[in-house]
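A quick write-up on the structure given underneath.
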Amino acid sequence: MLSLLDLRDRIDSGRLTPQGAVSLAREAIADREPEIGAIVRLDPGSRVPEEGPLAGIAVGVKDIIDTADLPTEMGSPIYAGWQPRADAPVVARLRRLGAVPLAKTTTTAFAFLDPTATRNPRNLGHTPGGSSAGSAAAVAAGMVPLALGTQTGGSVIRPAAFCGVVGVKPSFRLLPTVGVKCFSWALDTVGLFAARVGDAARALALMADRPGIDLAAGDPGLPRIGLLRQDFCAPPAPEALAALERAAAALERSGARVQDLALPPVFAEAWARHPLIQDYESAQALAWEYDHHREALPPLLRAHLDAAQGAGAAEYDSARRVARQARRSLKDVFGEEGVDVILTLSAPGPAPESLASTGDARFNRLWTLMGVPCVTVPVETTAAGLPLGVQVIARFGDDGRALAAARLVERAIG
C-alpha cells in the first residue's frame, strides 16, 4: 500500500517530487485496476501542485461526491456523464492542501446495498464491502494513499475492515457533506481510508483544519478501554470475535486498562431505530429519482424505497428522541467513572464470498447514529487471506483520542 506519511517524508527530503508521487499512483492504477475494478473515472493529467502539506498525494473520491473536473455518476445510469459545476467543499479543501483528486471510485447506487463489480484486493472472489467499495479497494490495492468515502450505516468502517486498511468515520459533520449526494441527512458522514493510522490522522487533521487531531510524537498514555461485544444484535463469526479478543489481550500486554463493557438498554433501542430514520429520510432524499426513474433503480434500492414510502413522521420523531436519549447516556459511558474509548467489532466477520452482497452493518450503525468518531484497524488475516479488523470509538468531538487509541492497537498487535 502507498503510505501518505511515507510519500510526504520522501517529498520533504527531496527524494521524490510531488509529480513523481502522483505518477506512482498512476502506475499502480494501471497495474491493479484491470483486476480490481475500483475506478470509475481517472483524471487524464491535471496539474500537480508543488506546494502544500498534501502536495503529491493522489486521492480517490467516492462517486457520490461532486468534482468539477470529473463526472459524478452516483453509481447509477440515471446520472451517466453528469458533470457538476463545482467541487464539493471536502474536495475543494483537498485541492487547497495540494492534493490531487485523481480518480472517482466506485460506489453502490446512491450509496445503498446493491453491489458493485469491484473486487476485494485481498481475495478477488470476495466483496470489498460497500457502499464505499472503490475507495477501500483502491487504498488496499496500493492505487492511492488516501480515499474519501461516506457512511450512513457502516460504509466506511466495514469495507475498510474487509479490505484490511484503516478507515475513519469522523465525528458527525466534522467534514462537510455539502456537494455529497444525500441519502440520510441525519446520518451521512464523510470519512476516509488510508494505509495506516498515522496516515489517516494526518489527512483528517489537515482536512478538518484541526491540528490537535494529528498524532503526537510522544507517549499518548494508556487509555481506559471498554471491550464491547454488542450482544443486543446477532453474534459475529467466531474468527471476528477472536480477533477482537486478540486485540484486547495485546493492549493489556502493552499496559492499557481493558474492562468489559455493557451498554444500557437505550442503546439497543437506538440501534433498532436507526433504520426508521434512514428509511424516512431516504424516501425524501431520493424522491426525484424514485418519482421519475423508479425502473432505473437497482432492485434492492427500489424495494427499499417502495417500502419507505410508508415511513411516517411519528415513528421518525420517536426514533430521533430515542437517539437523543442514547447520546445523552453515552456521556456517562465516557464520563469520569467510565472509559476513554470503546473497542468493538468492525464487522460480523471477514468479507463474504462472492460479489452478491456488501456485508452487514450491524456493528456500525449504532455509532453512525451516535455521531461519534470511529476508526477501524486491521488485526489479522484468515487462512483465506481475508482481513479482520477492530473498531475504536471515542466520545463526540474527540477524534484525536480515537485515532491515538487506534494507533495503540496498531502498535500493540505489531
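Mean projection of the Cα convex hull over all viewing directions, computed for region 253-343: 8.7 nm². Note on region 1-104: dipole from Cβ charges, positive end direction compared against Val22, Val48, Ala38; the farthest Cα belongs to Val48. When only Cα pairs below 8 angstrom with a gap of at least 6 residues are kept, the chain shows a relative contact order of 19 percent. Radius of gyration over Kirkwood radius for region 1-93, both on Cα atoms: the Rg/Rh ratio is 0.99.
Under a model in which nothing but the beta-carbon of Lys, Arg (+1) and Asp, Glu (-1) is charged, region 79-163 shows a dipole of about 220 debye around its Cα centre.
Over region 254-413, the alpha carbon radius of gyration divided by the compact-protein estimate 2.2 N^0.38 Å works out to 1.23. Computed from the C-alpha gyration tensor, the three semi-axes of the ellipsoid equivalent to region 1-40 are 23, 10, 7 Å, from longest to shortest.
With R₀ set to 45 Å, the beta-carbon distance separating Arg85 from Ser354 gives a calculated FRET efficiency near 0.70.
Taking the inverse of the mean reciprocal distance over all distinct Cα pairs, the Kirkwood hydrodynamic radius of region 88-171 comes to 12.9 Å. Site-free segments of the chain were taken between GluC sites (Glu not before Pro) in DSSP loops having at most 11 other Cβ atoms within 10 Å, sites themselves excluded; the longest one is 52-335. Net charge dipole, region 4-213: roughly 340 debye, given to the nearest 20, about the Cα centre with Cβ charges of +1 for Lys and Arg and -1 for Asp and Glu. The amide H of Val379, built 1.01 Å from its N in the peptide plane, has Leu388, Gly389, Val390 as neighbours under 5 Å, considering only residues 5 or more places off or on other chains. Largest first, the three principal axis extents of the alpha carbons in region 360-414 are 37, 27, 8 Å in whole numbers. Could you calculate the contour length gain from Arg210 to Ala237, that is, 0.36 nm times the residue separation minus the distance between their Cα atoms, to one decimal place in nm? Gain on extension, Arg210 to Ala237, equals 6.0 nm. Positive-end ranking of Leu244, Ile342, Gly221 along the dipole of region 192-344, with charges on Cβ about the Cα centre, is headed by Gly221. Each principal axis of the Cα cloud of the chain was taken in turn, and the coordinate range along them, longest first, works out to 55, 53, 40 Å. Farthest toward the positive end of the dipole of the chain, out of Ala404, Gly153, Leu2, is the Cα of Ala404, where the dipole comes from beta carbon charges about the Cα centre. Within the chain, antiparallel bridges make up roughly 65 percent of the DSSP beta bridges whose residues both belong there.
Quick one: Cα centre-to-centre distance for region 159-231 and region 5-63, in angstrom? So the separation of the two Cα centres works out to 21 Å.
Computed across region 4-213, the Kirkwood radius stands at 16.4 Å (inverse of mean 1/r, all Cα pairs).
When Asp87, Asp63 are arranged by Cβ crowding within 10 Å, least crowded first, meaning fewest neighbours, the order is Asp87, Asp63. Note: region 96-235, Cα convex hull, 151 Å³ per residue. The dipole here belongs to the chain: it is taken about the Cα centre, uses +1 on the Cβ of Lys and Arg and -1 on the Cβ of Asp and Glu, and is about 500 debye.
Here, each number is a calculation from the coordinates, and none is a lab measurement. If you're wondering where the values come from, they're calculated on a predicted model, not measured in any experiment. Ideal geometry is used to build each Cβ from the backbone, glycine not excepted, and the neighbour counts take in all protein chains shown.
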